[in-house]
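> Starting off with a structure, shown below.
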Amino acid sequence: MSACKFRTGLGFDVHKLVEGRDLWLCGIKLEHTHGLLGHSDADVAIHALCDALLGAAALRDIGYHFPDTDPRYKGADSKNLLQEVVKLIDDKGYKIGNVDITICAEAPKINPHIPAMQTLLAGIMKVDIDDVSIKATTTEKLGFIGRREGISAYATALIFKE
Ligand code: MG
């Protein structure tokens, strides 16, 4: 009888909201007055997800693999970073079980976009849509998120090896 090896990981990220930038969340461009500032497209939710997956495999963090000092990642599409993380997980012999993401933002409304986000991320990770949970919350107008100065995201991931 062979044992299945399960591992979990946690990811967290924050980016600042500024004028004159597009707002990307979970690979989808949302209509908003502000966008997230960063070296890449600043998709805070994908970054948290990448860190959860890397953490589950004990593969350090997103900044270690894709440094923000590296011109190759300037303006990078975070979907491509996730693609590379999925490859690293696969190279280490793990499969992705499920992921769970929470996006903390005062605005815009994220809920209408969740099905499209799930479909997109499931495609990149080659898992079922049902294995990708995405949730949104505000912070009741408290703190930097409540003041619309930034958006944060948390993610957990389960990976396994048979
Ligand atoms: Mg980031």
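The values are calculated or read from the model by the stated rules, or taken from the named source; none is laboratory data. Please read these numbers as outputs of a predicted model, since none were measured by experiment. For neighbour counting, all protein chains shown are included, and Cβ atoms are generated from backbone atoms with ideal geometry for every residue, glycine included. Calculation scope for accessible area: heavy atoms of the full protein, side chains included, ligands and nucleic acids excluded. Shrake-Rupley method; radii C 1.70, N 1.55, O 1.52, S 1.80 Å.
Rundown of residues vs (1) of a type in the set (A, V, I, L, M, F, W, C); (2) within 19 Å of Gly150 (Cα to Cα); (3) at pLDDT below 95, yes/no style:
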site: Cys4; (1), (2), (3): yes, no, yes
site: Glu31; (1), (2), (3): no, yes, no
site: His47; (1), (2), (3): no, yes, no
site: Lys74; (1), (2), (3): no, no, yes
site: Lys79; (1), (2), (3): no, no, no
site: Asn98; (1), (2), (3): no, no, no
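> Return only the number of the condition from (1) open to solvent by 50 Å² or more (accessible area, probe 1.4 Å); (2) farther than 17 Å from Gly9 by Cα that Pro108 does not satisfy.
Only one criterion is unmet by Pro108, namely (1).
> Which condition number in (1) crowded, with 19+ Cβ neighbours inside 10 Å; (2) of a type in the set (A, V, I, L, M, F, W, C); (3) under 18 Å from Gly55 (Cα atoms) is the one that Leu88 fails?
Status for Leu88: all satisfied but (1).
> Kindly establish whether Thr156 is in a strand (DSSP E or B), closer than 18 Å to Ser78 by Cα and open to solvent by 40 Å² or more (accessible area, probe 1.4 Å). Before the answer, list the steps.
Details: in a strand (DSSP E or B): yes; closer than 18 Å to Ser78 by Cα: yes; open to solvent by 40 Å² or more (accessible area, probe 1.4 Å): yes.
So Thr156 passes the test.
> Another question, if that's okay. Out of the residues in the stretch 1-59 meeting the condition of being open to solvent by 20 Å² or more (accessible area, probe 1.4 Å) and under 10 Å from the mean Cα position of the chain (by Cα), tell me which one is nearest to the ligand (Cβ to nearest atom).
Restricting to residues being open to solvent by 20 Å² or more (accessible area, probe 1.4 Å) and under 10 Å from the mean Cα position of the chain (by Cα), the top hit is Asp13.
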